[in-house]
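Worksheet: one structure, shown below.
The values are calculated or read from the model by the stated rules, or taken from the named source; none is laboratory data. Given the structure is predicted, the values throughout are model-derived calculations rather than measurements. Note that we place each Cβ from the backbone using ideal geometry, even for glycine, and neighbour counts take in every protein chain shown. Note: areas computed on protein heavy atoms with side chains; ligands, DNA, RNA excluded. Shrake-Rupley method; radii C 1.70, N 1.55, O 1.52, S 1.80 Å.
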Amino acid sequence: MLLIESDGKALFRRAGIETPASVLVRDGNWKPSALGIGEERCLVKAQVPVGGRGKAGGIVECTGAESTAVAIAQLLGARIKGHTVQACLVERFASGAEHYLALMADPAGGGVRLLYSPHGGMQVEAANATGLAFDLTVEATLPQVLEALAQLEPTLPPGIAACVVDCGKKLAACFFAHELLVAEINPLFIEGGKAVAGDAKVVIDLNAIERQPALMEMIRRGCDWYPDAWHKVTEDYDFIEIDAEGDVALVTTGAGLSMMLLDELIAAGARPYNFSDVRTGQMRGSPARLLQMMRRFEAAGTIKVMLINVFAGITDLSEFARIIVLALEERPDWNIPIVARLIGNNAEKAREILSREAPQLQVVTDLDDAIDLARTLAARAGGRHA
């Protein structure tokens, strides 16, 4: 999960990495004195958990309090890459040579990758970053990272190299202490013997969250901009909004199966609203979890059809079918069409229950039929795909 910049920089500061002076603004009633802005240059940065904000118009350079206030008013409430801007980071302008420095988990290589380039900034993709991979253990990796940092750019002037190495040590300590997946600084400003993190891209591992109280507190405090993560840690199942304008709502189990279904729906021209792993084994005969999802679908305002796709190895699908029936009994006003595909343990009995007690459902057995029917129903109800 990607942290917003202000939270990522808070982690960096705890590790001793310097960041520009800044203040987080959540409404238009901010005071320039909070940052001591007179006629100095500053940046107003939309705080949304997504990369590429600069190219999307989410970062505005300002001079003085008046233009800063205008930029804040323009950004708050705006939509950037599917996210509504709920806060802005007003930050003093930093300058210097722009470098790039990052540590990230490398699942394919089974280790950690260190990346560095003396050419950072918005066009870093065009630069050739030097990359090195290491074993994924703190004891083995940290010394290797520190040694590699000193060797990455031997042509750098000694003062600049020292800044990069020092910042790299602190970044590595932060990366391992918080069990991060990505810790990236771009740009890393270096000037006058100082390294300053101009931005922070930090991706945390929600599977490690129980061991990370500081990260848990960030999610709790920022639950409005981390709704999917807050949902996972409080409700103990996965629900991630994929497309705020999507019209096919998904109730699915199994991360891999759910990802596959998303791909198949998109390939068929449908617009799935969410990813989910509802974990049927935890429902224990109660419709509460399903009702919660239905309320969220209803609140989205874009949903035209709900697609249930459950492959059960252990779960008794007849029990899950009864949960669906109970949920619909509690929601007699539910008017969004439902397509259900239940495959696996006791599937035939489950289909009999739904046919008898919830005839408004359209029950299918073939995945292609389920996708085609969901797509057709969404289009018929005025969805965005033909």
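Rounded to the nearest 0.05, the FRET efficiency derived from the C-beta distance between E352 and A299 at R0 = 45 Å is 0.85. Under a 5 Å amide H cut-off, with hydrogens placed 1.01 Å from N, G111 pairs with D106 among residues at least 5 apart or on other chains. What is the percent carbon and sulfur in the accessible area of the chain, measuring with a 1.4 Å probe over the protein chains and ignoring ligands? Its accessible area is 52 percent carbon and sulfur atoms. The trypsin sites (Lys or Arg not before Pro) of the stretch 47-103 that DSSP puts in a loop, and whose beta carbon has at most 12 other beta carbons within 10 Å, are K55.
Over all other residues within a Cβ to Cβ distance under 11 Å of R211, the charged ones net out to -3, with Lys and Arg as +1 and Asp and Glu as -1. Neighbours of F93, meaning other residues whose beta-carbon lies under 10 angstrom from its beta-carbon, give a summed charge of -1 when Lys and Arg score +1 and Asp and Glu score -1. Which angle from 0 to 90°, rounded to the nearest 10, does the C-alpha axis of helix 347-357 make with the longest principal axis of the chain? With rounding to tens, the tilt is 70 degrees. Between the beta carbons of D366 and T234, assuming R0 = 45 Å, the FRET efficiency works out to 0.80 to the nearest 0.05. Once the chain from E191 to M260 is taken as fully extended at 0.36 nm per residue, the excess over their C-alpha distance is 20.1 nm. Residue-wise HN-Hα couplings along the stretch 86-103, as the Karplus relation 6.51 cos²θ - 1.76 cosθ + 1.60 with θ = phi - 60° gives them from phi, are 9, 7, 10, 9, 9, 10, 4, 5, 10, 9, x, 5, 9, 10, 9, 9, 8, 10 Hz; Gly and Pro carry x.
The sum of -39500 (n - 2.57) across all DSSP H runs of n ≥ 4, divided by the residue count of the chain, sets its helix-only mean residue ellipticity at 222 nm to -11000 deg cm²/dmol.
The residues of the stretch 145-255 expose, per residue, 41 Å² of accessible area to a 1.4 Å probe. Compared with the dominant Cα axis of the chain, that is its longest principal axis, helix 367-380 is turned about 80°. What separates the Cα centres of the stretch 191-243 and the stretch 61-93 is a distance of 21 Å.
Near A347: Cβ cut-off under 11 Å, other residues only, Lys/Arg at +1 and Asp/Glu at -1. The net charge is 0.
The count of lysine pairs in the chain that are at least 8 places apart or cross chains, and whose C-alpha atoms lie under 19 Å apart, stands at 16.
The antiparallel fraction among DSSP beta bridges confined to the chain stands at about 75%. At a probe radius of 1.4 angstrom, the accessible area of the stretch 1-124 per residue rounds to 43 square angstrom. Spread over its residues, the convex hull of the C-alpha atoms of the chain is 158 Å³ per residue. Computed 3J(HN,Hα) for the stretch 191-200, one whole-Hz value per residue from the Karplus formula 6.51 cos²θ - 1.76 cosθ + 1.60 where θ = phi - 60°, is 7, x, x, 10, 10, 10, 7, x, 8, 9, glycine and proline marked x. Counting only DSSP beta bridges with both residues in the stretch 239-386, the antiparallel share comes to about 15 percent.
Counting only alpha carbon atoms, the long axis of helix 138-149 and the longest principal axis of the chain meet at about 40°.
A simple rule links phi to the HN-Hα coupling: the Karplus curve 6.51 cos²θ - 1.76 cosθ + 1.60 with θ = phi - 60°, which for the stretch 322-328 gives 5, 5, 4, 4, 4, 4, 5 Hz, with x for Gly and Pro. The alpha carbon radius of gyration of the stretch 1-110, expressed as a multiple of 2.2 N^0.38 Å, is 1.14.
For the stretch 270-315, the per residue solvent-accessible surface stands at 39 Å², with DNA, RNA and ligands left out and a 1.4 Å probe.
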